[in-house]
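The structure appears right after this line, and notes come after that.
The values are calculated or read from the model by the stated rules, or taken from the named source; none is laboratory data. Quantities reported herein were computed from a predicted structural model and do not represent experimental measurements. Backbone-built Cβ (ideal geometry, glycine too); neighbour counts: all protein chains shown. All accessible areas refer to the heavy atoms of the entire protein, side chains included, with ligands and DNA or RNA removed. Shrake-Rupley method; radii C 1.70, N 1.55, O 1.52, S 1.80 Å.
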Amino acid sequence: MNHWIVAPIVLPAILAPFIIMVLRYHLDLQRIFSVAGVVGLLGIALTVTAQASSGVIQVYELGNWPAPFGIVLVLDRMSAMMVLLTALLALPIVLYAIASGWDDRGKHFHALFHFQLMGVCGAFLTGDAFNLFVFFEVLLIASYGLMTHGGGSVRLKAGVQYVAYNLIGSTLFLFALGTIYGVTGTLNMADLAVRVAEIPPEDTALLRVGAVLLLLVFCIKAAVLPLHFWLPASYANAPLPVAALFAIMTKVGAYSILRVYTLAFGPDVPVTEGLVGTWLQPAALLTLAVGTIGTLGAQHIARMVAFCAIASMGTLLIAISLFTPEASAAALYYIFHSTLATALLFLVADMVMERRGGAIVPKAPMPQSGLISALFFVGAIALAGMPPLSGFIGKLLVLDAARNAPDANAIWAVILIGSFVTIVGLARAGSLIFWKSHDAEHNPKPETEEEVEPLPAPEPQPGLAFTAVFGAVLGLVLLTLFAGPALEYSRKTADQLFTPDDYISAVLGREE
């Protein structure tokens, strides 16, 4: 078996407890090992992506137990792409957390960071639905600690809300898995696809209930309206480097929808045909609309970026809800872009909050205002989908994929109007924060408690912090310059998703 497949899970799983047990009192060593671990993860991710680019689906059988009896990890184009995205995102974030001193404002930041990476990579690689639940819980437990890192009553309150909401999601996840297992007798995704296709239509009512419950769980993770209420306060009040890492967490929900509902409950499966798209597309349109309105009305920069994240998820899920190879290819390209763009804007928002607070009102000039405003401008045009960056390409791909959809007019209208409103909201925030900063003595609006707490200390290493942020900018630039190869990879990935027989035969019919 190819042991590279399990390496993205094993590396952070070993490193996280090592940091806690051996390096807990040595912050400098924690930082060294943490950065080395992320660099190692990036190297592994590049290796498995190169292996997956051949189109051959590889299976790793834990304990050498074959599917469907044992737990398997599956490496295909999509799982490799998502692991690579996770590693590329983690590197600038861990560097920024070190440079800004956020890792020293609470306990066990680096250990929790690597547990989070373990859960995310495991969710992308697993071929078993119950194991998907396990990795969901791993990443959620780590995220609980990261979200409340640094303390503060406002952050703790948002953390409790985040925990409560996700516990509800975890409970529904177990109900969904129990229902599906009771009907099919399996939770291996490939085996589930085979058994679902064999069930007579008259015996599928309970199976459809399980499929809808599972969709509900994934929509909670992806912050789809009306299940998005946890995200604005949670992301806005978390340490913003942590919120930047959380940009990949909503993509876990989107990935799960794309994986499960093209494989086990695919659009061509008679018993679940039309079940997902019927509900998902209207919800995605509303999610985009609410996210853009929230961006326009937000009075705090962190909350504004959180609503931008919701809007980007709306655009992504519109593409996914079409369930065509062309739309899925557009969604895969947009996943890469929106994750990097959202993380970039969260890091820039943290720079702003460290120097002037987060309220979107005129204030006195802040240090490095010109450079930070330029970074904000890059992040704003990327997230709004303005040319010349990859967001413009991504949205064009989504619009083109929706041309022949039954609701094409509504999709085009919501995406285009949403992009315009997002531009207006980000331009408003940028003008108040950067251009009108000399009018601080005339500021009519004092900051609220939520906007004041916590105000971090100045950056101990601003040079490294800017380097980390420019790393995220470089990712967006490269995604734009190499849009052709990236889109070609996305198209081949989508074709692989919509030929589930290859996945099924690799997992169940694999030669010893």
**Request:** Can you give me the number of residues within the stretch 232-258 that are surrounded by fewer than 24 Cβ atoms within 10 Å (Cβ to Cβ) and touching a strand residue (DSSP E or B) at 6+ places or on another chain (Cβ under 9 Å)?
**Result:** 0
**Fill in**
The correct count of residues that are assigned to a helix (DSSP H, G or I), closer than 30 Å to H300 by Cα and in contact with a Lys or Arg (Cβ under 8 Å, 6 or more places away or on another chain) in the stretch 236-269 is 6
**Prompt:** Out of curiosity, is G357 over 22 Å from D400 (Cβ atoms) and either in contact with a Lys or Arg (Cβ under 7 Å, 6 or more places away or on another chain) or among the small types (G, A, S) (or both)?
**Reply:** yes
**Prompt:** Assuming P444 fulfils every condition listed in (1) at pLDDT 95 or above; (2) more than 27 Å from the chain's Cα centre (by Cα); (3) of a type outside the set (A, V, I, L, M) apart from one, which condition is it?
**Reply:** (1)
**Message:** Every residue in the stretch 467-491 that is charged (D, E, K, R) and open to solvent by less than 80 Å² (accessible area, probe 1.4 Å), please.
**Reply:** none
**Subset of the stretch 103-116 (residues that are within 18 Å of A465 (Cα to Cα) and open to solvent by less than 10 Å² (accessible area, probe 1.4 Å))** = D103, F109, H110, F113
**Complete:** Exception for S369 within (1) of a type outside the set (A, V, I, L, M); (2) under 25 Å from K251 (Cβ atoms); (3) touching a residue at least 60 places away in the same chain (Cβ under 8 Å) falls at (2)
**Request:** Output the residues belonging to the stretch 1-11 that are open to solvent by 30 Å² or more (accessible area, probe 1.4 Å) and assigned to a helix (DSSP H, G or I).
**Result:** V10, L11
**Asked** Does any residue of the stretch 318-332 turn out to be of a type in the set (S, T, N, Q) and open to solvent by 10 Å² or more (accessible area, probe 1.4 Å)?
**Response** yes
**Item:** Residues of the stretch 492-512 satisfying the condition of being surrounded by fewer than 18 Cβ atoms within 10 Å (Cβ to Cβ), in a helix (DSSP H, G or I) and in contact (Cβ under 8 Å) with a residue 12 or more places away in the chain
**Value:** K492, D495, D502, L508
**Asked** Which ones in the stretch 43-73 are more than 18 Å from V507 (Cα to Cα), hydrophobic (A, V, I, L, M, F, W, C) and open to solvent by less than 30 Å² (accessible area, probe 1.4 Å)?
**Response** I44, A45
**Asked** Which residue pairs have Cβ atoms under 8 Å apart, sit 6 or more places apart or on different chains, and have a first residue in the stretch 381-407 that is in a helix (DSSP H, G or I) and a second that is among the aromatic types (F, W, Y) and open to solvent by less than 20 Å² (accessible area, probe 1.4 Å)?
**Response** S390/Y333; I393/Y333; G394/Y333; G394/Y334; K395/Y334; L397/Y333; L397/Y334; V398/Y334
**Item:** Subset of the stretch 132-172 [closer than 30 Å to V507 by Cα and more than 19 Å from the chain's Cα centre (by Cα)]
**Value:** T171, L172
**Prompt:** Can we say I98 is surrounded by fewer than 24 Cβ atoms within 10 Å (Cβ to Cβ) and more than 14 Å from the chain's Cα centre (by Cα)?
**Reply:** no
**Asked** Can V378 be described as closer than 19 Å to L240 by Cα and assigned to a helix (DSSP H, G or I)?
**Response** yes
**Asked** What are the residues in the stretch 44-86 that are without any contact (Cβ under 8 Å) to a residue 60 or more places away in the chain and under 22 Å from L344 (Cα atoms), if any?
**Response** A45, L46, L84
**Item:** Residues of the stretch 12-57 that turn out to be assigned to a helix (DSSP H, G or I), among the aliphatic types (A, V, I, L, M) and under 24 Å from F124 (Cβ atoms), as a count
**Value:** 17
**Prompt:** How many residues, within the stretch 286-306, are in a helix (DSSP H, G or I) and open to solvent by less than 30 Å² (accessible area, probe 1.4 Å)?
**Reply:** 11
**Item:** Checklist (1) open to solvent by 10 Å² or more (accessible area, probe 1.4 Å); (2) touching a Leu at 6+ places or on another chain (Cβ under 9 Å); (3) within 19 Å of V414 (Cβ to Cβ) applied to L389, failing item
**Value:** (3)
**Asked** If V83 passes every condition in (1) more than 19 Å from L187 (Cβ to Cβ); (2) not acidic (D, E); (3) not in a helix (DSSP H, G or I) but one, which one does it miss?
**Response** (3)
**Complete:** Output for Cβ contacts, cut-off 7 Å, separation at least six or different chains, first residue β-branched (V, I, T) in the stretch 423-436, second open to solvent by 20 Å² or more (accessible area, probe 1.4 Å), reads I423/M386; V424/L296
